[in-house]
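A short write-up of the structure that comes next.
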Amino acid sequence: MKKLALLETSYRWLRQAGDAAARLVFPPQCAVCDAYLEGALSFCARCDYAIFPLKEPRCSVCGETREVSPGAYASEDALCPQCVEARPKFERARAYWEYYGSVADAIQRAKYGQRLWIVRNLAAELGPWFRAEIASITDACGRSAIAELAPALLITYVPMHPGDLRARGFNFGNLLLRACLKSAGIKPEIRRLVIKTRRTRSQAGLGHLDRRINLRGAFEVDPRVDVRGRAVLLFDDVLTTGATANEVAKTLRQAGASRVFVLSAARALKY
Ligand SMILES: [Zn+2]
Ligand SMILES: [Zn+2]
């Protein structure tokens, strides 16, 4: 059994290494249909049609698209009903794409289909947005330049349970965050601040309340780090209801983090 697991892991690494080597020889490919790309960033023209930016107006805290009756004035700092009812533990969450069409296909191919080269495609598209968002967080932290950010802001990702990490072989969020920072030309290093101590069942198919219950007490701040008084940038590759980001933010705040900002590549929309 152990032998089999070892074989599977080495097979996976061989495949990934082969994949990376192929990338050096062949031109870049579309993240969805594998078509070779000429000049285009990461998606071919056909798949690019099925990419959707998030609809405005959005909640100023969680970033969820708000329903506004036609012609009504939509104030910029308005909150969605959910955030009015219970303010999340993070200060704000922002995402770039709608988790739908080509973006959902590309993320699923990378995350569950082991095509890790897609991470680079996604990061190439996300880089400029990432830089702008981090500049805005820098501003919120009272710093004038991104270069000054390292002492002010800790950068981290949503952890996986060690057993799940072993089974998959990689943490997709961590890989994408790394690639996005590189693509944005930002130096500060990524730190593991939180560990997942309990396995949780899949959040898919669970309602908002059940998602919260499912995650309760699943995370702990790594005892080797001190987050007291620090601001944290938390990256979650896909934001669904925000329940996971909220639980990790809660864990960090309870350990003394001053504020938590959430960035995501894509977010699933309710409407
Ligand atoms: Zn394509
Ligand atoms: Zn909201």
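The values are calculated or read from the model by the stated rules, or taken from the named source; none is laboratory data. All figures in this text were calculated on a predicted structure; none of them were measured in a lab. Every residue, glycine as well, gets a Cβ built from its backbone with ideal geometry; the counts of neighbours run over all protein chains shown.
Annotations
- Any hit, the stretch 131-148, residues being hydrophobic (A, V, I, L, M, F, W, C), surrounded by fewer than 19 Cβ atoms within 10 Å (Cβ to Cβ) and part of a strand (DSSP E or B): no
- For the stretch 53-63, the tally of residues that are at pLDDT 90 or above and closer than 14 Å to Glu125 by Cα stands at 0.
- Selected residue (criterion: nearest to Arg230 (Cα to Cα)) from residues of the stretch 155-173 that are β-branched (Val, Ile, Thr) and not in a loop (DSSP other than H, G, I, E, B): Ile155
- Test: residue in the stretch 12-25 that is closer than 19 Å to Leu122 by Cβ, at pLDDT below 90 and outside any helix (DSSP H, G or I): no
- Within this structure, Gln108 passes the test of being away from ligand 2 (no atom under 14 Å from the Cβ) and either of a type outside the set (A, V, I, L, M) or part of a strand (DSSP E or B) (or both).
- Flag if Leu176 is more than 18 Å from the chain's Cα centre (by Cα) and of a type in the set (A, V, I, L, M): no
- Subset of the stretch 31-49 that is surrounded by fewer than 20 Cβ atoms within 10 Å (Cβ to Cβ) and among the aliphatic types (A, V, I, L, M) - its residue that is nearest to ligand 1 (Cβ to nearest atom): Ala35
So that you can scan it fast, the table gives a plain yes or no per residue for (1) within 9 Å of the chain's Cα centre (by Cα); (2) buried (at least 19 other Cβ atoms within 10 Å of the Cβ); (3) farther than 13 Å from Tyr99 by Cα:
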site: Arg230; (1), (2), (3): no, yes, yes
site: Leu234; (1), (2), (3): yes, yes, yes
site: Leu239; (1), (2), (3): yes, yes, no
site: Ala243; (1), (2), (3): no, yes, yes
site: Leu252; (1), (2), (3): no, yes, yes
site: Ser258; (1), (2), (3): no, no, yes
site: Val262; (1), (2), (3): yes, yes, yes
site: Ala265; (1), (2), (3): yes, yes, no
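- Of the set (1) modelled with pLDDT of 90 or more; (2) part of a loop (DSSP other than H, G, I, E, B); (3) within 11 Å of ligand 2 (Cβ to nearest atom), all apply to Cys83 but (2).
- In summary, Thr9 fulfils each of the numbered conditions (1) at pLDDT below 85; (2) within 16 Å of ligand 2 (Cβ to nearest atom); (3) not in a loop (DSSP other than H, G, I, E, B) with the single exception of condition (2).
Here's the yes/no breakdown for (1) within 16 Å of ligand 1 (Cβ to nearest atom); (2) under 30 Å from Ala167 (Cα atoms); (3) touching a Gly at 6+ places or on another chain (Cβ under 8 Å); (4) of a type in the set (Asp, Glu):
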residue	(1), (2), (3), (4)
Pro57	no, no, no, no
Glu67	no, no, no, yes
Leu79	no, no, no, no
Trp97	yes, yes, no, no
Tyr100	yes, yes, no, no
Gly113	yes, yes, no, no
Gly127	no, yes, yes, no
Arg131	no, no, yes, no
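- Filtering Ile107, Ile146, Ile137 for residues that are modelled with pLDDT under 95 and in contact with a Leu (Cβ under 9 Å, 6 or more places away or on another chain) leaves a single hit, Ile137.
- Residue list for the stretch 172-200, filter: out of contact with any helix residue (DSSP H, G or I) (no Cβ under 6 Å at 6 or more places or on another chain) and farther than 21 Å from Ala132 by Cβ: Asn174, Arg191, Arg192, Leu193, Ile195, Lys196, Thr197, Arg198, Arg199
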